[in-house]
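The values are calculated or read from the model by the stated rules, or taken from the named source; none is laboratory data. Keep in mind the model is a prediction, meaning the values are calculated, not measured. Neighbour counts run over all protein chains shown; Cβ positions are idealised from the backbone, glycine included.
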Amino acid sequence: MESVVISLGGSIISSDGLNLQFMQKFVRTVTEMDGTFRFGIVVGGGTLARTYISALRNYHVNDNILDEIGINATRMNALALSSFLADSNSKIPTTVNDAAEFSRIYRFTVMGGTEPGHTTDTVATLLAERINARILINATSVDGVYSDDPKKVPGSKKFQALSYDEAISLALSKSVGAGPNVFMDLTALNIAKRSNIKIYVIDGLELGEYGKIMKTGKTGGTIIG
Ligand code: UTP
């Protein structure tokens with residue numbers, strides 16, 4: 001069986017509350033896909049994480065605790081998504097090791113974050129590496145990687161393809177104080193590079209993109225690799 005990992009950005013799974021309609025459509029899309037694929041799905045924290053983290057940051061709660069809170073938010077979102085999937089784990093694994101074990105049993109393995117200090121993009125890349133996935137789909141709220149944030153800088157250039165080194169340089173140049181605005185965290189890009197995992201950065205709400213990638217290897221987003 002071929003493995004594919006999807007990093008499902010928190011911003012598409014929850015914006016104004018949980019995006020349940022999207023979750024259901026997403027589940028239908030991946031369930032109808034070719035049965036020879038198995039999926040690892042890593043879910044972000046979205047509004048739940050951001051609301052708690054920004055509120056508590058004002059009270060000088062330390063970053064390690066804020067990360068733990070973020071991790072709990074990602075796991076809640078992961079559990080919500082897995083409740084819609086028939087052939088998936090109903091207990092959310094807390095490590096990539098445990099997720100890898102689940103992936104031997106279920107067609108869909110759903111998880112959130114693991115440790116403080118990174119985001120679910122890194123978890124997704126580690127899971128991809130662990131279960132030998134050649135493809136990682138980074139489903140975000142932007143339809144690819146741009147030279148600048150297209151919502152803030154008009155005329156930003158969208159890249160159709162980037163090498164790992166180009167993507168790493170771009171992330172480095174944007175990472176000063178940018179936090180969640182970086183299209184993918186640096187650790188994730190470095191892990192993808194060392195294991196030659198092809199990353200597709202797509203607008204996660206565009207459900208047609210998932211099948212297109214799996215069937216043709218092409219995307220309207222950005223390919224890193
Ligand atoms: P996300 O992966 O959703 O972070 O985890 P993000 O990339 O900042 O948010 P989106 O996807 O763009 O909306 C939410 C928060 O949980 C903590 C971090 O604080 C992160 O910002 N987290 C998550 C960890 O500390 N470790 C993990 O493995 C995952």
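Observations, loosely collected:
- Top-ranked residue in segment 94-114 [being assigned to a strand (DSSP E or B) and more than 10 Å from the ligand (Cβ to nearest atom); ranked as farthest from ASP63 (Cα to Cα)]: PHE108
- Failed item, numbered, when THR219 is tested on (1) in a loop (DSSP other than H, G, I, E, B); (2) of a type in the set (Ser, Thr, Tyr); (3) farther than 30 Å from GLU32 by Cβ: (3)
- Meets criteria (over 21 Å from MET76 (Cβ atoms) and within 16 Å of the ligand (Cβ to nearest atom)) for LYS174: yes
- Selection within segment 115-132 - within 14 Å of the ligand (Cβ to nearest atom), in contact with a Ser or Thr (Cβ under 6 Å, 6 or more places away or on another chain) and at pLDDT 95 or above: THR120, ASP121, THR122, VAL123, ALA124
- Exclusive hit being of a type in the set (D, E, K, R) and within 10 Å of the ligand (Cβ to nearest atom), set ASP16, ASP63, ASP87, ASP34: ASP63
- Scoring MET214 on the criteria (1) touching a residue at least 40 places away in the same chain (Cβ under 8 Å); (2) outside any helix (DSSP H, G or I); (3) out of contact with any helix residue (DSSP H, G or I) (no Cβ under 8 Å at 6 or more places or on another chain) leaves a single failure, condition (2).
- Against the numbered list (1) assigned to a helix (DSSP H, G or I); (2) modelled with pLDDT of 95 or more, LEU136 comes up short only at (1).
- Just one residue in the set LEU48, LEU20, LEU66 is among the hydrophobic types (A, V, I, L, M, F, W, C), at pLDDT 95 or above and over 20 Å from ALA133 (Cα atoms); that residue is LEU66.
- Condition check for THR51: under 16 Å from the mean Cα position of the chain (by Cα), more than 30 Å from GLY208 (Cβ to Cβ) and either among the hydroxyl-bearing types (Ser, Thr, Tyr) or within 14 Å of the ligand (Cβ to nearest atom) (or both): no
- Checked against the criterion of being near the ligand (Cβ under 9 Å from one of its atoms), within 24 Å of ALA188 (Cα to Cα) and not in a helix (DSSP H, G or I), the candidates SER11, SER7 yield just one match: SER7.
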